[in-house]
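The values are calculated or read from the model by the stated rules, or taken from the named source; none is laboratory data. This one's a predicted model, so the numbers in the text were calculated from it and none came from an experiment. Cβ coordinates were reconstructed from backbone atoms using ideal geometry, including for glycine residues, and neighbour counts include every protein chain displayed.
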Amino acid sequence: MKAMDVLTGLPCRQEAFSLLAFVVEAVKAQGKRLVVALVDMDRFYRVNETKGMDFGNDVLRLVGKRLYETRTEKSIVSWLGGNTFIVGMPVEDCDGIELQTVEAVKNAVERPIEVDGEELYLTSSIGATVYPRDGLTSEELICRAESALHQSKENGGNQSRFYRSEDTRKLNRRIRIESELRPALSLQQFHLSFQPVYRTCDGSLRGYEALIRWNHPELGAISPNEFIRIAEHNGLILPIGEWVLREVCRKLAKMKEYGLKDIIISINVSSVQLQHQGYPQSVLHMLGQYGLEPANLELEITESDRLYSSDAAASALSWLRGSGVRIALDDFGVGFSSLVHLKQLPIQCLKIDKSFIRKIDLNSAERIIVEGVINLVHKLGIEVIAEGVEYGEQYALLQRWGCSYAQGFLLGMPKEPDRLDPDMLKASTVAHRS
Ligand code: C2E
Ligand code: CA
Ligand code: CA
């Protein structure tokens, strides 16, 4: 008798894996191909969180039913637990059929779901493999579909992706980074780089943005773009963020000794840190330990869905702002950013993302948008920093549009702290650029 799953009525995980091995043998004998797709519903936790577990289970049952309806003869469909399903579908040996099959699966699970007269829209991420191209055994096909699924999630979800050999390499690297991130802090493999931010009116120094660097003894320099997301995922962002804050406070205290009291150093803060209980107090405590004014520190936050769904993050920001710490909104123009949020968040400063600045010296929509945003944001009493300024033409335009501050490779690369000290002495005499 087949082992069925009680929730979805589909064959259970173990049963599905052994059925898939049979299907592989069958397609081999018939000279066909087999598409194996892992289907993962994006952000499914939200359904359970907002509508309850019973409702979540109903949705999973419905998704299972829809997948079952897409199957052809000798196909298998199974729920693997959580919000993931597996589909194994034999297809004819002809061009483009794998893509059509996977797209049909994606469309089927993403049809709107009606709830109490409202329509619920869910998206899915799919990782797929094809027999014999991507693997010859059911185990190879499943493992590689998992790597492809992982990559499709890493790229933001809501997409289907066929396995590529680089997916396994990327997954192995991620696993290695994940396991070596924890000891990296105690092994002192991190350090900070400081990138200057200048006033456009007279070219004087506003301060620096502190950027974390990880020098791995074997893997070399690993970009924060690669490891911060992992640190957010496994909670290591909390001790890493605390280390960044301490280093910055140390630097600010040293600058104060040099007589530079008005320098602002900004640090990047993840929404995971903001949501952590006691984070705002720990920031104030650290500033106090080093005898610093809160206004010397700026926290750069990025807009994310987490920021808006969490009351803890919102109240942490208000509390910090109330205590005198500066708050800047980073990467404006990408991701979740919206003009409406400008009045909802307690920010003093907005950083326009480099992807916009890159195009302002061309005849582009970005040119019009950036000029407009600078105007509008100034009217709200918020400062603007243009980041990623690489060319003199860009700098000149920003100056013309009255953008108060600029940062980018043209003005200064991120520098190691020991190369900063001589600079600090001439900080207020940086040449005016136009
Ligand atoms: P971000 O906050 O947008 O930081 C600016 C990034 O732009 C830095 O990359 C910087 O080196 C780069 N950049 C600066 N000027 C230019 C330019 O003119 N052209 C171009 N193309 N790039 C420029 P980096 O250091 O690789 O940092 C990447 C991201 O990692 C940061 O983006 C930030 O989101 C994150 N990050 C860095 N340090 C920390 C940290 O301590 N904590 C957290 N949570 N995130 C961090
Ligand atoms: Ca930043
Ligand atoms: Ca940025």
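Does residue 46 satisfy the criteria of being in the same structural domain as residue 146 (by TED's automatic domain parsing) and surrounded by 16 or more Cβ atoms within 10 Å (Cβ to Cβ)?
Criteria not met by residue 46.
Checking residue 269 against (1) more than 16 Å from ligand 3 (Cβ to nearest atom); (2) within 29 Å of residue 257 (Cα to Cα); (3) within 21 Å of the chain's Cα centre (by Cα): exactly one of these is not met. Which one?
Only one criterion is unmet by residue 269, namely (1).
Name the strands (runs of 3 or more DSSP E) wholly within the stretch 76-135 that hold at least 1 residues that are surrounded by fewer than 21 Cβ atoms within 10 Å (Cβ to Cβ)?
Here the list reads 76-81, 84-91, 113-115, 118-120.
Given (1) more than 9 Å from ligand 1 (Cβ to nearest atom); (2) not in a loop (DSSP other than H, G, I, E, B), where does residue 203 come up short, assuming only one miss?
If we test residue 203 against (1) more than 9 Å from ligand 1 (Cβ to nearest atom); (2) not in a loop (DSSP other than H, G, I, E, B), just (2) comes out false.
Exactly one of these conditions fails for residue 210: (1) assigned by TED's automatic domain parsing to the domain that holds residue 229; (2) of a type in the set (Gly, Ala, Ser); (3) surrounded by fewer than 18 Cβ atoms within 10 Å (Cβ to Cβ). Give me its number.
(3) is the only condition that residue 210 fails.
What do you reckon, is residue 147 surrounded by 13 or more Cβ atoms within 10 Å (Cβ to Cβ) and either in contact with a Lys or Arg (Cβ under 9 Å, 6 or more places away or on another chain) or part of a helix (DSSP H, G or I) (or both)?
yes
Would you say residue 19 is of a type in the set (A, V, I, L, M, F, W, C), surrounded by fewer than 21 Cβ atoms within 10 Å (Cβ to Cβ) and within 33 Å of the chain's Cα centre (by Cα)?
No; evaluated as a whole, the condition is false for this residue.
Against the definition (more than 22 Å from residue 10 (Cβ to Cβ), among the basic types (Lys, Arg) and within 27 Å of the chain's Cα centre (by Cα)), how does residue 153 come out, yes or no?
The answer is yes for residue 153.
Return the pairs, sorted by first residue and then second, in which the second residue is among the polar types (S, T, N, Q) and at pLDDT below 95, the first residue lies in the stretch 355-375 and is not assigned by TED's automatic domain parsing to the domain that holds residue 388 and surrounded by fewer than 17 Cβ atoms within 10 Å (Cβ to Cβ), the beta carbons are less than 9 Å apart, and the residues are 6+ apart or on different chains.
none
If you take the residues of the stretch 159-192 that are under 21 Å from the mean Cα position of the chain (by Cα) and assigned to a strand (DSSP E or B), which of them is nearest to residue 126 (Cα to Cα)?
This residue is 160.
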